[in-house]
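> Below is one structure. I have some questions about it.
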Amino acid sequence: MEDKRKRMEELVARLNRAGRAYYQESRELISNQEYDELYDELQRLETETGIVLANSPTVHVGYEVISNLPKEQHPSPMLSLDKTKEVGALESWLGDYMRFAQTPEGKTVFLSIDSRATQRNPLYKAWKSKSFTDKDITLHFLLFDILSAPEVKKTLSELVEEIDRRLCVFENPMTFDESTVRKKLKEYAGEGIVRIEKDGRRTLYGRTPDPALPDLRDVIDFFSEAAPCGVIGSYLQDKLEPNVPLFTFKHHYITQAMDSDVLALLFDAMHKKCRITADNLGRHSEKAKALCLVPLKIYISAQNGRQHLLAFHEQTNRLNAYRLDYLSNVRLGEPCASFDTLRRALENAESHMWGVNGRLHSKRLEHVEFDVRVADGEAYIVRRLEREKRCGRVEKLDAHSYRFSADVFDTNEMLPWIRSFLSRITSMRFSNRSAENKFKADLQAMYDLYGIGGGEKL
């Protein structure tokens, strides 16, 4: 029993420190998942021992739900995943898109989404079902209704009194103490939407002025092209009558619905010229790895729609590309004094980047060269070479022959594009022998698969 009580004291102290840092100091000591795990352990120990410490976070004052608030009918259930860790809950939540396969190891559960048939992104539900309680939502709208304009400023006690005055008309009014309101205001101040000022011995709270649009230029540029309306559009669609959709997206990457949270933090870091810490789960990794990076630019592939972060990894002194759907738990760090220098170096490197791979401090380039044969009436091949050459050069050799050449950081990024000219390539020369051998090996495998060639190996 003594060991359990000691463990409870440790958990209470740690959880309270984490809560104080998050709500009052706008910083994160532990992840949300770790907090939930420690909180669940504390609850379990309290149940087993029958002991609840006075300062336990499990006994923070709760509030009654306002039953008289007007209710709004949603076109689809506003379900919540909350802290779900169970596969069964996920199956229920995305039931229309869950598929199952029986294997020797047991049942395999996976998502099956056909973008040709799915007109609405099912993962937008994750945005619209975040676990806000009735009291969170009520307090949010009350605060910003009271602080209706930037010139309106109130002390904490004035805000609490006004909230009580507005809620007392209900039969079973919800109540908010000063501690709860203060935490919420601190949270909003950390987000930059509430301003805290000192007036002598008084602390005043007010709304920040609306942001200037030029300060949001990067964000506006992104969402005007890459994700028109996105989650906001999904909310607006819920208000409309069902209709026959007019648009179908060829590259409809469903999972990118969840990238906007990460993007918002990355844009903020780049705007403030800060470092970030993020968890990165690579394609071949089973466990996420924490990385400290200087975020420089967002790249979006026109070929497949994938979104990448180009960032400088100071520990290895390298520029790397990270897929956004592999990044999570992004935290802002300290300002980076060399941010502008790194951005300029990236701009210089872009002239030799075919895709997302590049180097900031290296002059080592790989030379790629191949000749194509163009028959009469195939001028479109030449036009395509000119249109898609990027950092390359196109040279006419004779009436029916053209040479493409380029100096790039990574030849491997070019291979899918080069393969599209396969039937017309007469010769090729790569300075990267490994990439050339891979290209020829793939070609030989195709010959073997279809039983053609049969002669001398490439």
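> Scan the stretch 340-361 and give yes if some residue there is outside any helix (DSSP H, G or I), over 27 Å from the mean Cα position of the chain (by Cα) and surrounded by fewer than 18 Cβ atoms within 10 Å (Cβ to Cβ), otherwise no.
yes
> Just for helices (runs of 4 or more DSSP H) wholly inside the stretch 148-247: which have at least 3 residues that are exposed (fewer than 15 other Cβ atoms within 10 Å of the Cβ) and either at pLDDT 65 or above or charged (D, E, K, R) (or both)?
156-167, 178-191, 217-225
> From the list A321, A311, A288, which one is touching a residue at least 12 places away in the same chain (Cβ under 8 Å), surrounded by 18 or more Cβ atoms within 10 Å (Cβ to Cβ) and aliphatic (A, V, I, L, M)?
Among A321, A311, A288, only A311 is touching a residue at least 12 places away in the same chain (Cβ under 8 Å), surrounded by 18 or more Cβ atoms within 10 Å (Cβ to Cβ) and aliphatic (A, V, I, L, M).
> Okay, moving on. Would you confirm whether or not the stretch 366-377 contains a residue that is small (G, A, S), at positive phi and outside any strand (DSSP E or B)?
yes
> Here's another thing I want to ask about it. Cβ-Cβ below 6 Å, separation at least six or inter-chain, first residue in the stretch 140-168 and outside the structural domain of A189 (by TED's automatic domain parsing) and closer than 17 Å to D210 by Cβ, second of a type outside the set (A, V, I, L, M) and surrounded by 14 or more Cβ atoms within 10 Å (Cβ to Cβ): which pairs?
none
> Next question. Taking interchain pairs and intrachain pairs at least six residues apart, which have beta carbon atoms under 6 angstrom, with the first residue in the stretch 1-30 and within 11 Å of L42 (Cβ to Cβ) and of a type in the set (A, V, I, L, M, F, W, C) and the second in a helix (DSSP H, G or I) and at pLDDT 70 or above?
M8/L45; L11/L38; L11/L42; L15/L38; L15/P57
> Does F404 fit the bill of being aromatic (F, W, Y) and touching a Leu at 6+ places or on another chain (Cβ under 7 Å)?
yes
> Of all residues in the stretch 181-198, count the ones that are farther than 18 Å from D268 by Cα and either of a type in the set (A, V, I, L, M, F, W, C) or without any contact (Cβ under 8 Å) to a residue 12 or more places away in the chain (or both).
4
> While we're here: Restricting to the stretch 401-416, name every residue that is out of contact with any strand residue (DSSP E or B) (no Cβ under 8 Å at 6 or more places or on another chain) and either surrounded by fewer than 15 Cβ atoms within 10 Å (Cβ to Cβ) or modelled with pLDDT of 95 or more (or both).
P416
> Going by the structure shown, is E378 in contact with a Phe, Trp or Tyr (Cβ under 6 Å, 6 or more places away or on another chain), free of Cβ contacts under 8 Å to residues at least 60 places away in the same chain and of a type in the set (D, E, K, R)?
Criteria not met by E378.
> Additional query: What number of residues within the stretch 385-396 are part of a helix (DSSP H, G or I) and surrounded by 14 or more Cβ atoms within 10 Å (Cβ to Cβ)?
The total comes to 1.
> May I pose another question? Confirm whether L327 is buried (at least 18 other Cβ atoms within 10 Å of the Cβ) and at pLDDT 90 or above.
So L327 passes the test.
The values are calculated or read from the model by the stated rules, or taken from the named source; none is laboratory data. All values reported here derive from a predicted model rather than from experimental measurement. Reconstructed Cβ throughout: ideal geometry from the backbone, glycine too, with neighbour counts over all protein chains shown.
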